[in-house]
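Report on the structure given below.
Every read-out reported here was derived from the displayed coordinates using simple, explicitly stated rules and does not represent laboratory data. Everything numeric here is computed off the predicted structure, so don't read it as measured data. Please note: Cβ atoms are built from the backbone with ideal geometry, for glycine as well, and neighbour counts cover all protein chains shown.
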């Protein structure tokens, strides 16, 4: 039994396991007698739990190969120009692992993105402009899908596909050609049964680094965007972020197969 | 030597969690982990086998993190943004973040870096004040005062975020 005076500092000591066990009963009584301190203690505990919950998932994530591969490499190699070495190691791993491994690596960011936000910004602008059209939402309709895809592939300069989003309820409306600085960009427009529209934007950007999926939010719409295989991609729309991310994942898989496979 | 490497490898998930909580951006956080691992592996001899690998690696990461913060400040890359502007240009890394977890990450970023470290090491990573003091190279009393201030800052930011969320809902 202790008779010492408690203060706000003791809330932290108690919360962090730094308070001697024998002081705890007296501390609890002190809290009971001071509702403001009781509330404070409760709030700090809630915030801590929230912090832990938010961060807990990170422990479960697969460790990126550039990190998990490190200790397996001889020490001399580590002393070289490290970042470059690890990246080329990771690049080689793509060839070895292929499939899912390639998918994960392909989504990783090895450097500063050149113009990812730029791509996303243009995609959002184009989306906001054309998605609100009632009669002229697309240049070429989905009824001429083969022609549309062939034409846009030729103009943009890569082998494109119009990804199939029917699993998430979005059907192709059609597409159009857009200017992007001095290049050609493609926009595929999709619509769900309620008339909600999302669009996929693709532009060739040979100098670009690969990036992970990133989100850009602007007034009226948001876009998940990524750079990969010398192209910039963005899925834009005014739909919940998780829907948009699902669409971006679908687009990524289907376009990646088309670009690297050369056939669809 | 291989045992040491394995022990270090086993710490990667926790290093990633700590780095992500410090920096928020996934790629920047993994860069910090990678730099820390590189430094650790090149200085394996400095690690006394009695030491916990985790605390040793946290110490290395702390030094790199503080160096990085100083460099950024010197180059004046940190521009003060109003929260609304920051909200509009923010591009949360890779994974979809729920509104709630985004608020926590944003609130963490609003805490002064030195206080953020102290809070995370103790409240999330489970270090004692004495252990955190060794990692951060500061007296134990300072650990406690940093944590106390960090908690106040966290609370204020989370309250702010909740208020903004309410306002947005009302505006709709």
Please report how far the C-alpha centroid of segment A:186-226 lies from that of segment B:1-59, rounded to the nearest whole angstrom. 36 Å
For each of B:65, B:58, count neighbouring Cβ atoms within 10 Å of the residue's Cβ, then give the residues from fewest to most. B:65, B:58
Taking every residue of B:105-114, the Cβ atoms of other protein chains inside 10 Å of its Cβ average out to 1
Could you calculate the contour length gain from residue A:136 to residue A:53, that is, 0.36 nm times the residue separation minus the distance between their Cα atoms, to one decimal place in nm? 25.2 nm
At a 10 angstrom cut-off on C-beta neighbours, averaged per residue, how do the peptides A:184-197, A:234-247 rank from highest to lowest? A:234-247, A:184-197
By its C-alpha gyration tensor, with a ≥ b ≥ c as the square roots of the eigenvalues, how is segment A:118-264 shaped: rounded for a/c under 1.5, else prolate for a/b larger than b/c, else oblate? rounded
Residues of A:219-225, mean number of Cβ from any other protein chain within 10 Å of their own Cβ, rounded to a whole number? 1
Order of A:53, B:153 under a 10 Å beta carbon neighbour criterion, fewest first: A:53, B:153
A student applying the Cα gyration tensor rule (rounded when a/c is under 1.5; otherwise prolate if a/b is larger than b/c, oblate if not) would label segment A:211-264 prolate
Average partner coverage of A:53-63, which counts Cβ from other chains inside 10 Å: 6
